[in-house]
Amino acid sequence: MHGRILGLAPVVLLLAVTACSSAEPTPAASETATVRFASYDFPENQILVEVYAEAARREGLPVSVQHGVGTREVVLPALEQGVVDVVVDYLGTALTFSRPSDEDLPRVPDEMHRVLQQTLGGHGVTVLDLAQAQDQNGFAVTRAFSAEHGIYQLSDLAPMASQLTFGGPPECPDRPFCLQGLENTYGLHFRDVLAMPSRAATVEALTSGDIDVGLLETTDARLAVAPVVLLADDRSLQPQENVVPLVRSASLDHWGNGLRSALDAVSARLTTDDLVRLNRAVELDGLTPAQAAARWWDQR
């Protein structure tokens, strides 16, 4: 999602490192020089990384940030291998990704957190406190489409899905909470599936009629201004997706309690409303992720 040319070099580097056969973390010459934050390749995660990185800076820690590194398949192995130190993730997706063969995962956040820590702890990763803020996958149609066909929840799409075009990120067909989940939980098999390069492109495709249904996260700022509406997830496909920092355990040991307390303090105050406002600052007001994060901190 939201891949840019500037992200290609770090992706190649991380792929090369994480493809090593050794399961031991790969030490880097700069390992103790900075706390290395890395973001996924979409704006909201870049904003979150800037918010948490600023907390570390205010604690007096040296920080470096690499944005748009790639998808979870690239970034989480890089964290486990010691290429980066901090990743800001989403609880349900991170848990499912870390335990892909487990079909009976918990759905309560505290239990999800416990299982995720048990799973990643053996890979040298510590799961810090959850934020109240969360952002789930959502599926949108235009308001006109909803009214014309009486479509208000995902199950309403079943009788006509085979006549519709779906638009989502390129990795959507391989994600359990995207197309796989729509097929398995709702029985939705769309006529056509188009890869969307960004959420802005998804909204444009919906309003132009190029697609009928599109993936938009529940905190997307465009939901407040575009003529689109999210369909209710009436069969609870989406898990709880609380924002949660994942940190190399060795980095916590190296930097002491300051790093943990700084990141936990952000999670203690970050709300879903905050996340919507941060997204609006970038997607609608034109701020960079760093500028949006700075404004959030200035308003504390």
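Structure values in brief
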read-out: Matching residues, the range 207-221, being part of a helix (DSSP H, G or I) and more than 24 Å from Pro239 (Cα to Cα); value: Thr207, Ser208
read-out: Near pairs, Cβ below 7 angstrom, 6+ apart or cross-chain, from the range 115-134 (within 15 Å of Leu48 (Cα to Cα)) to any residue that is assigned to a loop (DSSP other than H, G, I, E, B) and open to solvent by 40 Å² or more (accessible area, probe 1.4 Å); value: Gln132/Thr271; Ala133/Thr271; Gln134/Gln240
read-out: Filter result (of a type outside the set (A, V, I, L, M, F, W, C) and either within 22 Å of Tyr152 (Cβ to Cβ) or within 18 Å of the chain's Cα centre (by Cα) (or both)) within the range 228-263; value: Asp233, Asp234, Arg235, Ser236, Gln238, Pro239, Gln240, Glu241, Asn242, Pro245
read-out: Any hit, the range 69-86, residues being free of Cβ contacts under 8 Å to residues at least 24 places away in the same chain and in contact with a strand residue (DSSP E or B) (Cβ under 8 Å, 6 or more places away or on another chain); value: no
read-out: Identity of the residue in the range 248-271, in a helix (DSSP H, G or I) and of a type in the set (Lys, Arg), that ends up surrounded by the most Cβ atoms within 10 Å (Cβ to Cβ); value: Arg260
read-out: Given (1) of a type outside the set (S, T, N, Q); (2) in contact with a helix residue (DSSP H, G or I) (Cβ under 6 Å, 6 or more places away or on another chain); (3) surrounded by fewer than 17 Cβ atoms within 10 Å (Cβ to Cβ), number of the condition Gly124 does not satisfy; value: (3)
read-out: Within the range 62-89, tally of residues that are in contact with a helix residue (DSSP H, G or I) (Cβ under 6 Å, 6 or more places away or on another chain) and of a type in the set (A, V, I, L, M, F, W, C); value: 9
read-out: Selection from the range 178-202 of residues that are open to solvent by less than 30 Å² (accessible area, probe 1.4 Å) and in contact with a Pro (Cβ under 9 Å, 6 or more places away or on another chain); value: Cys178, Leu179, Met196, Ser198, Arg199, Thr202
read-out: Test result for Asp104, of a type in the set (Asp, Glu) and either at pLDDT 95 or above or under 22 Å from Ala292 (Cβ atoms) (or both); value: no
read-out: Residue, surrounded by the most Cβ atoms within 10 Å (Cβ to Cβ), within the range 154-177, restricted to residues that are small (Gly, Ala, Ser) and in contact with an Asp or Glu (Cβ under 8 Å, 6 or more places away or on another chain); value: Gly167
read-out: Residue count for the range 203-221, restricted to those that are buried (at least 19 other Cβ atoms within 10 Å of the Cβ) and farther than 21 Å from Asp156 by Cα; value: 3
read-out: Subset of the range 177-206 (residues that are within 19 Å of the chain's Cα centre (by Cα), modelled with pLDDT of 95 or more and not in a strand (DSSP E or B)); value: Phe177, Cys178, Leu179, Gln180, Gly181, Leu182, Met196, Ala201, Thr202, Val203
read-out: Selection count where residues are in contact with a helix residue (DSSP H, G or I) (Cβ under 8 Å, 6 or more places away or on another chain) and in a loop (DSSP other than H, G, I, E, B), scope the range 153-170; value: 3
read-out: Long-range neighbours under 8 Å by Cβ, at least six apart or interchain, first residue polar (S, T, N, Q) within the range 234-263, second assigned to a strand (DSSP E or B) and surrounded by fewer than 20 Cβ atoms within 10 Å (Cβ to Cβ); value: Ser249/Thr126
read-out: Residue satisfying condition, being closer than 21 Å to Val276 by Cα and without any contact (Cβ under 8 Å) to a residue 12 or more places away in the chain, within set Glu204, Glu217; value: Glu204
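Yes/no matrix, rows are residues, columns are (1) open to solvent by less than 70 Å² (accessible area, probe 1.4 Å); (2) in a helix (DSSP H, G or I):
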site	(1), (2)
Asp110	no, yes
Arg114	no, yes
Thr119	yes, yes
Leu130	yes, no
Ile151	yes, no
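The values are calculated or read from the model by the stated rules, or taken from the named source; none is laboratory data. Just so it is clear, the structure is predicted and the values come from calculations on it, not from any experiment. So basically every Cβ, Gly included, is an ideal-geometry build from the backbone, and we count neighbours across all protein chains shown. The protein model used for the area step is the full one, side chains on, heavy atoms only, and it has no ligands, DNA or RNA in it. Shrake-Rupley method; radii C 1.70, N 1.55, O 1.52, S 1.80 Å.
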